[in-house]
Every structure is written in structure tokens, then in C-alpha cells.
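A short write-up of the structure that comes next.
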Amino acid sequence: MPAEKELEIKLAVPDLNIFGRILSDSAINLMQTKEGPRTRQFEALYFDTVDFSLQKAGIAYRIRREGDEWVATIKSDNGSKGALFNREEVNEKITSPEPSVKYFAGTHLGDRLIRVLGDARLQLLFTTKFERTTLMLRTGASSVVEMALDHGTIWSGAVGSP
């Protein structure tokens, strides 16, 4: 599968009441497409090596449960700055949450992942469990942008943090 481009802005919203205000905002409602908000549950597992080789190389490796499916993803930073993320990514549907480079064999990012890993093994760093509400917004005559509001917990071992 060819790599896709992802351009994303991330903002922290410390007060959950603000989520409701965003979803009911009149300007947001005017831009909203007919499909309306959609809410889904996710669980994601993030991996790296003991010495954080992937992070140092600007690569992220994630396996996420999306409904009944598992999806493995590698992302590569293409010049992110502050809250604006510009990344290349490859996603592959898989059958279990076991990390493997074979999912991405023969792709540009997969080859880079294999070079960075060398003989090192991937290990679980942390997991996230969250609820995502998405809205598709018309921002111009032919432009549509996805707005996603996430709320959940990041887990490292037995310790969780919202």
C-alpha cells in the first residue's frame, strides 16, 4: 500500500464541557456535512525499541483496534512544528495486535523502519483507550476537513493518565 500524507493540528482541551460547546457551535453546525457527528471507541498500542530508535528517527509504530479490526500503522515525520503535524503514513489491516515489520515490507516507510530497527526488537511503550467523535466540515466549495475530538486515557503498565 502506498504511503498517505497526513496534515493534522492537535490542540489540548482540558475541560470536557468544551467538547459539547464545540459540537453545538453555530459556525460548526453551518459547516457540517449531512452525515453529522460519529462516535467510535479505539484502543491503540505504541511500540519502539529499548533505546527509542524509532522516535530518534522520527518514526512512530502503532497498532490500533478499530471496532473488530486491528490496523498496524507506521508514520514518519515530514516537518512537524508545534501543534501542526505533517506526516507520511502506511496503514495495513492485520489479524492480531502483534508488531511485525513484515506488514510493511516493500513500502518506502517499511524499508526505512527495517533499516532503523536493525536487530533491535519492538517493545510495547504505552497504550491508549479513547472515544473519538468526528465531524466532516465543508470549508469551501469542494473542500472537506475532518474535525476529531478525542477523550481517553494513556496507560503505561498499570498507571493511567487522562
List the longest stretch of the chain that has no exposed loop site; here a site is one of the trypsin sites (Lys or Arg not before Pro) assigned by DSSP to anything other than H, G, I, E or B, with at most 11 other Cβ within 10 Å. 35-120
Pop a pseudo-label 7 angstrom from the Cα along the beta-carbon direction at both Ile154 and Leu11 and give the gap in nm to one decimal. 2.0
Rounded to the nearest 500 deg cm²/dmol, what is the calculated helix-only ellipticity per residue at 222 nm for the chain, with -39500 (n - 2.57) per DSSP H run of length n ≥ 4? -4000 deg cm²/dmol
In the structure displayed, which of Lys10/Lys75; Lys56/Lys93; Lys10/Lys93 lie more than 19 Å apart, Cα to Cα? Lys56/Lys93; Lys10/Lys93
Multiplying the sequence separation of Leu30 and Met147 by 0.36 nm and subtracting their Cα-Cα distance, what value in nm do you get? 40.7 nm
Does anyone have the angle between helix 108-117 and the longest principal axis of the chain? Alpha-carbon axes, 0 to 90°, nearest 10? 50
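None of the figures in this text is laboratory data; all of them are computed from the coordinates on show. Since this is a predicted model, take the numbers as computed values, not measurements. Note: ideal-geometry Cβ built from the backbone for every residue, glycine included; neighbour counts use all protein chains shown.
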